[in-house]
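Here the structure comes first, spelled out in structure tokens, and everything after it is commentary.
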Amino acid sequence: MNAKKLVESIWNHPAGPRTIHFWAPTFKWAISATNIFNFSMPPDSISYPQQTAFVVAGFIGARYCTVITPKNWNLFSNNFALGCTGIYQLARKATHDHS
């Protein structure tokens, strides 16, 4: 597939840049990025309820993205990353609290 056809297929995709299905998850990456930047924060400042909400929302959202039409892989990867970063933060907090 040449570059022009690749760009056209992305542009014309049902979850492509011409739709909200592209832009909402693109801006949602800010939440995942913020959670990654918080890896350097001390564990005592991590909130169990907040990180639990990130894990639950992330993995439920990721599952949802695999059953909707059109498939939105940008939103799937975002939600999966949010769930994974939440698990990591919860593990940091639990390790800190129980050691």
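Looking at LYS93, LYS71, just one residue is surrounded by 13 or more Cβ atoms within 10 Å (Cβ to Cβ), in a helix (DSSP H, G or I) and of a type in the set (D, E, K, R), and that residue is LYS93. Could you list all residues from the range 55-64 that are touching a residue at least 24 places away in the same chain (Cβ under 8 Å) and open to solvent by less than 50 Å² (accessible area, probe 1.4 Å)? Of everything in the range 55-64, those that are touching a residue at least 24 places away in the same chain (Cβ under 8 Å) and open to solvent by less than 50 Å² (accessible area, probe 1.4 Å) turn out to be VAL55, GLY58. For ALA30, the requirement of being open to solvent by less than 60 Å² (accessible area, probe 1.4 Å) and not in a helix (DSSP H, G or I) is not met. Residues being crowded, with 19+ Cβ neighbours inside 10 Å, at pLDDT 95 or above and touching a Gly at 6+ places or on another chain (Cβ under 8 Å) are represented in the range 38-54 by at least one member.
For PRO43, indicate whether it is without any contact (Cβ under 8 Å) to a residue 60 or more places away in the chain and either at positive phi or in contact with a Lys or Arg (Cβ under 8 Å, 6 or more places away or on another chain) (or both). The answer is yes for PRO43. Residues that are among the small types (Gly, Ala, Ser), in contact with a helix residue (DSSP H, G or I) (Cβ under 9 Å, 6 or more places away or on another chain) and outside any loop (DSSP other than H, G, I, E, B) within the range 39-68 comprise SER45, ALA53, ALA57, GLY58, GLY61, ALA62, listed in sequence order. Scanning the range 16-27 for residues that are of a type in the set (A, V, I, L, M) and open to solvent by 70 Å² or more (accessible area, probe 1.4 Å) yields a total of 1.
The values are calculated or read from the model by the stated rules, or taken from the named source; none is laboratory data. Here the structure is a predicted model, which means the values were calculated and not measured. So basically every Cβ, Gly included, is an ideal-geometry build from the backbone, and we count neighbours across all protein chains shown. Protein only, heavy atoms only, side chains kept; ligands, DNA and RNA dropped before computing areas. Shrake-Rupley method; radii C 1.70, N 1.55, O 1.52, S 1.80 Å.
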